[in-house]
Amino acid sequence: MNKNVFVVNHPLVAHNLTILRDKNTDCEKFNCALKRISYALFFEGTRFLPTVEASVSTPICDTKSSMINPDIEIIVSPILRAGLAFSDIAQEILPFCHIHHLGMYRNEATLEPIWYYNKMKGKIKNPECTYVFVLDPMLATGNSGYDAVHNFVKQNIPVENIVFISLISAPEGISRLNAAYPGLKIVTSKIDEQLNEKGYIVPGLGDAGDRIFNTVY
Ligand code: URA
């Protein structure tokens with residue numbers, strides 16, 4: 001396994017993933033379980049953020065501690081629509097982040113992404129000091145992930161500063177991103193078996209967007 005792929009191995013993550021996989025889990029329970037896993041994924045994904053030494057006075061004494069470097073910019077970039085499920089948690093954990101939505105849907109015939117939204121106000125001022133979290137619960141073919149990461153790499157953000165956060169990843173998607181972006185970090189809770197002929201992850205959990213937004217009728 002590539003050293004830049006991080007699988008969050010934790011009994012509570014596994015427990016909640018079982019709830020998410022179950023086809024009988026309703027929308028409310030699904031979103032609660034997803035929220036719980038999101039915290040674990042974000043704490044793992046943000047492990048790589050640069051820190052600075054800080055001094056703090058506790059009620060007992062002065063001590064040295066550390067903080068996230070205040071000079072960096074953090075962009076959280078959910079791929080619409082399923083990535084939205086992660087962005088509330090991201091904003092809670094990283095209250096100083098910028099949220100940059102990327103709108104893409106999948107052409108069901110070609111499995112290629114079709115862009116419909118990508119608006120950034122202004123240019124990235126200091127790419128070297130910008131850190132990006134791309135959010136997509138299902139890393140399947142890696143086609144939309146490839147485009148999303150490219151959107152930031154082409155603005156000169158080092159690929160080493162980019163973390164792709166997914167709930168479930170297919171080996172095909174991981175290979176695609178690893179080959180295109182060797183320095184990219186991928187944080188996920190599980191690597192599943194494969195994709196089926198429709199590009200769905202097996203065993204997976206079905207269409208994440210449908211289950212998050214209750215659009216299964
Ligand atoms: N997108 C989903 O929502 N589910 C899959 O299995 C693959 C892509």
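So here's what we get for this one:
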item	result
Cα-centre dipole for the chain with unit charges at Cβ (Lys and Arg positive, Asp and Glu negative), debye to 20	140 debye
Förster radius 30 Å - calculated FRET efficiency between Asn2 and Asn196, Cβ distance, rounded to 0.05	0.80
Near-label residues of segment 146-167 by backbone N, under 20 Å of a point 7 Å along Cα→Cβ of Ala54	none
With every protein chain in place, the chain: carbon and sulfur % of accessible area (1.4 Å)	53 percent
FRET efficiency estimate (nearest 0.05) - Cβ-Cβ, Val216 to Phe96, R0 45 angstrom	0.80
Among Pro182, Pro113, Pro95, residue whose mean-square fluctuation peaks in a GNM of the chain (springs only between Cα atoms under 10 Å)	Pro95
Straight-distance crosslink candidates among aspartates and glutamates, where the alpha carbon sits under 12 Å from Lys64 and sequence neighbours closer than 8 are dropped	Glu53
Net charge over other residues, Cβ less than 14 angstrom from the Cβ of Val56 (K, R count +1; D, E count -1)	-1
FRET efficiency, 1/(1 + (r/R0)^6) with R0 25 Å, evaluated for Tyr116 and Asp88 via beta carbons	0.70
Local electrostatic count, Ser169, Cβ distance below 13 Å [Lys/Arg +1, Asp/Glu -1]	-1
Extended-chain gain in nm, criterion 0.36 nm per residue less alpha-carbon gap, Thr63 and Asn126	19.5 nm
Helix axis angle, 143-153 relative to the chain longest principal axis, alpha carbon, degrees	20 degrees
Relative contact order (percent, whole number), the chain, Cα cutoff 8 Å, 6+ residue spacing	22 percent
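The values are calculated or read from the model by the stated rules, or taken from the named source; none is laboratory data. A quick note: this is a predicted structure, and the numbers were derived from the prediction, not measured. Every residue, glycine among them, receives a Cβ derived from its backbone with ideal geometry; neighbour counts consider all protein chains shown. Accessible surface areas use protein heavy atoms only, side chains included; no ligands, DNA or RNA. Shrake-Rupley method; radii C 1.70, N 1.55, O 1.52, S 1.80 Å.
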